[in-house]
């Protein structure tokens, strides 16, 4: 299905290309979509070390969003790492103003790097993310830690995901996908909407991969923009990602974290 508009990533800039804006653009291009990206944060990292991050200036982010949206039609937006309350407010104002022109918005609420480094600046950030951005998002895709943080409830058993997802849905999004709940041999992802809920499971793979959350949310947006319903886009995005990870499992590239695209 041909699309004339842009699919835009607003996310962190990872110099390795293994996550954030650079990875999102790779994924969009693999799906044949016109892709653009605006960095919200700059990270200092490779596949073995994470040494820190800093936000882009709010004035830059605000102007970049204004210029891109005034020049090109936007079919979809994927939001990843935001980092600061100021930049969350800027993105929220942009979505409030432009949302009717944009077909799909997917939020991957990145709160911690895979190498266990916090990726937001204060507790005030969480509040603004929930109040200023969630109401303008179609699908939010937290991992278990992010879902626990946003819902203020711990996952003690798999059934807890229903209450957590419902709490997140009540913040204004249309659907919630919680990724990465683990049992002994499997990893489970949970889809929840007002009309449907179900789990998908995949066998655990060896190794630790860099940027899986970014790649999944970007693939999900790509399928949505191409016209698939949310449930089908979810299944297709998970199958696409699993195929890529299985292929990368045989040919390791990277240090502690493996690059797979």
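No lab work stands behind these numbers, since they all come straight from the coordinates. Since the structure is predicted, the reported quantities are computational estimates derived from the model, not experimental observations. Because the Cβ atoms are built from the backbone with ideal geometry, glycine has one as well, and the counts that use them run over all protein chains shown.
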The range 156-196: relative contact order as a whole-number percent, Cα under 8 Å and 6+ apart: 35
Net length gained if the chain between residue 195 and residue 252 were fully extended (0.36 nm per residue, minus Cα distance): 16.5 nm
Förster radius 51 Å - calculated FRET efficiency between residue 71 and residue 183, Cβ distance, rounded to 0.05: 0.60
Tail fraction, Cα-Cα pairs, the range 166-261, threshold 16 Å, whole percent: 59
Peptides 38-46, 181-189, 224-232 ordered by average Cβ neighbours within 10 Å, highest first: 38-46, 224-232, 181-189
Sequence of 242, 223 once ranked by neighbouring C-beta atoms within 10 Å, starting from the fewest: 242, 223
Percent of beta bridges antiparallel (DSSP, the chain, rounded to nearest 5): 45
Least to most buried among 253, 178, 74, 82 (fewest other Cβ within 10 Å first): 253, 74, 178, 82
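If each DSSP helix of 4+ residues adds -39,500 (n - 2.57) and the sum is divided by the residues in the chain, what number results at 222 nm, nearest 500 deg cm²/dmol?
-11500 deg cm²/dmol
Applying 1/(1 + (r/R0)^6) with R0 = 35 Å to the Cβ-Cβ distance of residue 96 and residue 51, what FRET efficiency is obtained, to the nearest 0.05?
The value I calculate is 0.50.
What number, in percent, do you get for the relative contact order of the chain if the mean sequence gap of Cα pairs under 8 Å and at least 6 apart is divided by its residue count?
Once normalised by length, the contact order is 18 percent.
Quick one: compute the contact order of the range 86-158, relative version, from alpha carbon pairs under 8 angstrom and 6+ residues apart, as a percent.
It rounds to 40 percent for the range 86-158.
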Rg(Cα)/(2.2 N^0.38 Å) for the chain, N = residue count: 0.93
